[in-house]
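Colleague: Encoded as structure tokens, here's the structure I'll be asking about.
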Amino acid sequence: MRTAENGGQRSSCPISIALEMIGDAWSMLIVRDLMFKGRTTYNEFLEGGEGIASNILADRLRKLESAGIVEKRRDPSDARRFIYRLSAKGIDLTPVLVEFVIWSARHEATDAPLSVVRAMRKDRRAFIDAVRRRWRAPE
């Protein structure tokens, strides 16, 4: 039950809390696009090949921003556009997404590049550190 005591969350269960923030497929795919695919604009997300509807995309970006997982700023080259970026809280999801990739590739045929899956399996820490370094790098 959502109460003032638990911040309006369904429960205090850590899995429930995480699922409320990022538990739908579209939110996870947006995080994936930001983390691994370098997508940063609304149109890049729309054209990403998953078939997300524009209203769903707008809603999920708002929710991710509200949860502190995504940050939004104006595009310096076009003030009508926004650039999205993972926050520190968002980049902390890297180990979770790496484990999703490894698990999926172990049990199903995926389009994840085999070289990337091998790198994740061989040295998770090094792979995660490389993702964090790219995230910290100046734009």
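The values are calculated or read from the model by the stated rules, or taken from the named source; none is laboratory data. Predicted, not measured: the structure shown is a model, and the values here were computed from it. Here Cβ is always computed from backbone atoms with ideal geometry, including for glycine, and neighbour counts include all displayed protein chains. For accessibility, only protein heavy atoms count, side chains too; no ligands or nucleic acids. Shrake-Rupley method; radii C 1.70, N 1.55, O 1.52, S 1.80 Å.
Colleague: Identify, by number, the condition in (1) among the hydrophobic types (A, V, I, L, M, F, W, C); (2) at pLDDT below 95; (3) out of contact with any Phe, Trp or Tyr (no Cβ under 9 Å at 6 or more places or on another chain) that residue 83 doesn't meet.
Modeller: Going through (1) among the hydrophobic types (A, V, I, L, M, F, W, C); (2) at pLDDT below 95; (3) out of contact with any Phe, Trp or Tyr (no Cβ under 9 Å at 6 or more places or on another chain) one by one, residue 83 breaks only (2).
Colleague: Against the conditions (1) surrounded by 13 or more Cβ atoms within 10 Å (Cβ to Cβ); (2) part of a helix (DSSP H, G or I); (3) at pLDDT 90 or above, where does residue 17 fall short? Just the number, please.
Modeller: (3)
Colleague: Still on this structure: With touching a helix residue (DSSP H, G or I) at 6+ places or on another chain (Cβ under 6 Å), at pLDDT 95 or above and open to solvent by 70 Å² or more (accessible area, probe 1.4 Å) as the only criterion, which of 89, 72 stands out?
Modeller: None of the others qualify; the one that does is 72.
Colleague: From (1) in a helix (DSSP H, G or I); (2) over 16 Å from residue 136 (Cα atoms), pick out the condition that doesn't hold for residue 35.
Modeller: Looking at each condition in turn, residue 35 falls short on (2).
Colleague: Sticking with this one: Quickly run through segment 50-63 and pick out the residues that are open to solvent by 50 Å² or more (accessible area, probe 1.4 Å) and more than 16 Å from the chain's Cα centre (by Cα).
Modeller: Matches in segment 50-63: 51, 54, 55.
Colleague: Could you check segment 38-47 and list, in sequence order, the residues that are part of a loop (DSSP other than H, G, I, E, B) and open to solvent by 20 Å² or more (accessible area, probe 1.4 Å)? Write out each step before concluding.
Modeller: First pass over segment 38-47, keeping only residues part of a loop (DSSP other than H, G, I, E, B): 38-41, 47.
Correct list: 38, 39, 40, 47.
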